[in-house]
Each structure stands twice: as structure tokens, then as C-alpha cells.
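Step one of this worksheet: look at the structure below.
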């Protein structure tokens, strides 16, 4: 099932909008996400741990 989703996304050029954030920005990102203010997904940069 998961591979089918990957294939579908690749074949149909489905792209995700993301914003890379540092660990210190997680509380702000969480607040924005809770208030439906964002149009993308947050991805935490592991190097900032």
C-alpha cells in the first residue's frame, strides 16, 4: 500500500510543501499548526538537537 502511494505521487508529480525548523522553534510551530495558520508541514532539523 505504501509503495502504491509513493508511485502515485511520483507519477502525478505530487509535492509536499515543508518548512525546515530548528528544535528551538518547535513551540512556535506547534502554536501556528494548532491555529491552522500554516500551509505546509514543519520538518525539524536533526542537526539542531
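Please treat every number below as a calculation from the coordinates, not as lab data. Small disclaimer: the values here were computed from a predicted structure and weren't measured.
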- Item | Where only alpha carbons of the chain are counted, the Rg and the Dmax (Å) | 14.0, 36
- Can you tell me the 0 to 90 degree angle between the C-alpha axis of helix 2-11 and the longest principal axis of the chain, rounded to 10? 80
- Work out, step by step, the length gained on full extension between residue 4 and residue 40: first 0.36 nm times the residue separation, then minus their alpha carbon distance; give nm to one decimal. 10.7 nm
